[in-house]
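The values are calculated or read from the model by the stated rules, or taken from the named source; none is laboratory data. Remember, predicted model here, so these are calculated numbers, not experimental data. Quick reminder, even Gly has a Cβ in these numbers, built from the backbone with ideal geometry, and neighbours come from all protein chains shown.
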Amino acid sequence: MKPEEYQRQTPEGGTPIVSDHPVYLRDPVLDATVRMVVELAAQVWVDRERLLTIESLLDELGVVTREAIEHYHPSAARQTAMKAERDRFVNDVFKELRRIDPIA
Amino acid sequence: MSTTTAVPETLPPVAQRSDASYLDFVEGFRAFLLGPGADFEKRLNRAASAEAERRGQPLANIEEIKPFFESLPLTALRDRLVRTQQEMKWHKVAQSFGMKREELLAELSAYDSRGPGKLELDPSFERAPYANVHFHLQPGGYHKDELGGFHYHYGTKVFFRGENDRDGVQSKLVSISPLPADGKVTRILDMACSVGQSTTAWKQRCPDAEVIGIDHSESMLRVAHRRAVMHGVDVTFSQRFAEDTRYPDGHFDMVFAFILFHELPVRIIGEVVREAARVLRPGGVFTIYDFATSKTMSPYQLYHRYFDARHNGEPYSQDFCDYDLTGALEAAGFDVRTTPPGGGSGGAGTTQGWFATRRSAS
């Protein structure tokens, strides 16, 4: 989808929608920095998930191939454990948000 | 990733494992931002209470809440993060399915004419300008990308925090929806059915009924039909507008609309209500699940609703939450029962149900 498609929307009334790249912080550099931090966190999680998958395969099969990693289907119990690990990861990275006093 | 359930997997996998784990991160990050993890809701509501105390009167409406919240650095950071996770989701979904574009389009073509059930597309269908919106920031909205149905299905899996890939949300709502008092259910209409999860849930609940799902989006309907065929469920998907279904008067016993109304301009909301009244027989039930009315919202929820409208591609949602849907239904000839707000809508808002029974003409 071409970026200019966003500008071609035709809502009928309602709340006006923002432009394609809104700025929320004091300047666009801060916005970009925050976006990069979140993107980096996502990429770290991608690597960690892959590492955990490799460890599971080694435990279960004793051998790892690229194809086995790609098609690995964890058990329901393993999936639940992975979700918990993901939530711990997100909490560890972003817990600072809880420490900001809204009216400081 | 598979689970032990026997329900067939209809949501295609993304192109590579790293894309699935990226989207899994977004799902967890979204839950953290909008839930107790980041704890924005409780803290910003406390800030609003403190401000109300300072002013000696509550922040009465969004016009007062918005400038106050926007003056807080924490809100700006929250808004940046909420917008970012939504952009990340759609970027990755579109990028990953884009890598499989030809494969997925060929699969849709293979299912289009397969049964059970059927797919009715209208080659002369004229789109409504009001629907040309990138709802929830989905690139191309509901109809401009041929893979839009797949994008939506995966996107809502993330939106509903993983509860949607096995149709859990729709199945639950259908299971608790009231049937007509006389128990007669011959035909059911699922308005704006998107990828057809509630449509098939209705057929499974009422197997002897004819069940039809309508939507304006061809890409949604094709994915809906493919999904129903994979489930072996005999339903019809047809390209029609909810405000102009072209079905006969009194044709249906049940009409169902799940999270449709907040994506319609107020003008069209009225038309859809009147159309539902027209196609329902007396005693038939119009069941609606959608965003809760703003009268029940906390300052944070009111702010989030405004933010969602302006910054998350939901231009009609704020007007809908301020709209008197119950009054419109009563004026169109329904007796209305509502449920208290509850349950998440995937964001800070809550949803509620309207169960509207068509009065007889007398």
Fill in the blank from the handout: Within the range A:89-104, the residues that are loosely packed, with under 15 Cβ neighbours inside 10 Å and more than 7 Å from chain B (Cβ to nearest Cβ) are A:Asp92, A:Lys95, A:Glu96, A:Arg99, A:Asp101, A:Ala104
Practice task
Hey, could you check the range B:18-41 for residues that are in contact (Cβ under 8 Å) with a residue 40 or more places away in the chain and among the charged types (D, E, K, R) and say which is farthest from the other protein chains (Cβ to nearest Cβ)?
Solution key: B:Glu41
Practice task
Could you give me the residue pairs with C-beta distances under 7 Å whose first residue belongs to the range B:329-341 and is of a type in the set (A, V, I, L, M), whose second residue is assigned to a strand (DSSP E or B) wherever it lies, and which are 6+ apart or on separate chains?
Solution key: B:Leu329/B:Val336; B:Leu329/B:Trp354; B:Leu329/B:Ala356; B:Val336/B:Trp354; B:Val336/B:Ala356
Practice task
With the condition kept exactly as written, say whether any residue in the range B:240-263 is out of contact with any strand residue (DSSP E or B) (no Cβ under 7 Å at 6 or more places or on another chain) and touching a residue at least 60 places away in the same chain (Cβ under 8 Å).
Solution key: yes
Exercise for the section: Output the residues belonging to the range B:243-299 that are of a type in the set (Lys, Arg) and part of a loop (DSSP other than H, G, I, E, B). Expected result: B:Arg246
Fill in the blank from the handout: Considering residues that are among the small types (Gly, Ala, Ser), assigned to a helix (DSSP H, G or I) and out of contact with any strand residue (DSSP E or B) (no Cβ under 7 Å at 6 or more places or on another chain), the number found within the range B:301-318 is 1
Completion exercise
When restricted to A:Ser19, A:Ser75, the only residue polar (S, T, N, Q) and more than 22 Å from B:Gln16 (Cα to Cα) is A:Ser19
Handout entry: Enumeration of residues in the range A:65-80 that are surrounded by 12 or more Cβ atoms within 10 Å (Cβ to Cβ), more than 8 Å from chain B (Cβ to nearest Cβ) and at pLDDT 95 or above
Key = A:Ala68
Exercise for the section: Sort out which residues of the range B:166-187 are among the hydrophobic types (A, V, I, L, M, F, W, C) and crowded, with 19+ Cβ neighbours inside 10 Å, and write them in order of number. Expected result: B:Val169, B:Leu173, B:Val174, B:Val185
Exercise for the section: Working only within the range B:67-86, note down all residues that are of a type outside the set (Gly, Ala, Ser) and surrounded by fewer than 18 Cβ atoms within 10 Å (Cβ to Cβ). Expected result: B:Pro67, B:Glu70, B:Pro73
Handout entry: B:Trp90, sole failed condition from (1) away from chain A (no Cβ under 12 Å); (2) touching a Pro at 6+ places or on another chain (Cβ under 6 Å); (3) at pLDDT 95 or above
Key = (1)
Handout entry: Cross-chain or 6+ apart pairs with Cβ under 8 Å, the range A:11-32 first and facing chain B (nearest Cβ under 7 Å), then among the acidic types (Asp, Glu)
Key = A:Gly13/B:Asp319; A:Gly14/B:Asp319; A:Thr15/B:Glu314; A:Thr15/B:Asp319; A:Tyr24/A:Asp31; A:Tyr24/B:Asp79; A:Leu25/A:Asp31
Practice task
Considering (1) more than 17 Å from B:Ala257 (Cβ to Cβ); (2) over 15 Å from the mean Cα position of the chain (by Cα), say which one B:Ala309 fails and leave the rest.
Solution key: (2)
Exercise for the section: Among the residues of the range B:255-265, count how many are among the β-branched types (Val, Ile, Thr) and within 18 Å of B:Val336 (Cβ to Cβ). Expected result: 1
Problem - In the range B:116-129, the residues that are surrounded by fewer than 19 Cβ atoms within 10 Å (Cβ to Cβ) and touching a residue at least 12 places away in the same chain (Cβ under 8 Å) - result: B:Pro116, B:Lys118, B:Glu120, B:Leu121, B:Asp122, B:Phe125, B:Arg127, B:Ala128
Exercise for the section: Could you list, in sequence order, all residues of the range A:37-57 that are loosely packed, with under 15 Cβ neighbours inside 10 Å and either part of a loop (DSSP other than H, G, I, E, B) or more than 10 Å from every other protein chain (Cβ to nearest Cβ) (or both)? Expected result: A:Leu40, A:Leu51, A:Ile54, A:Glu55
Handout entry: Residue count, the range B:70-114 (criterion: of a type in the set (S, T, N, Q), more than 30 Å from B:Glu51 (Cβ to Cβ) and out of contact with any Leu (no Cβ under 9 Å at 6 or more places or on another chain))
Key = 2
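Table: residues versus (1) among the small types (Gly, Ala, Ser); (2) at pLDDT 95 or above; (3) surrounded by fewer than 14 Cβ atoms within 10 Å (Cβ to Cβ); (4) in contact with a Ser or Thr (Cβ under 8 Å, 6 or more places away or on another chain).
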| position | (1), (2), (3), (4) |
| --- | --- |
| B:Val7 | no, no, yes, no |
| B:Pro12 | no, no, no, no |
| B:Ser18 | yes, yes, no, no |
| B:Ser21 | yes, yes, no, no |
| B:Val26 | no, yes, no, no |
| B:Phe29 | no, yes, no, no |
| B:Gly35 | yes, no, no, no |
| B:Lys42 | no, no, yes, no |
| B:Ala47 | yes, yes, no, no |
Exercise for the section: Give the range B:177-234 a look and list any residue that's assigned to a loop (DSSP other than H, G, I, E, B), over 11 Å from B:Gly117 (Cα atoms) and among the β-branched types (Val, Ile, Thr), or say none. Expected result: B:Val185, B:Thr186, B:Val195
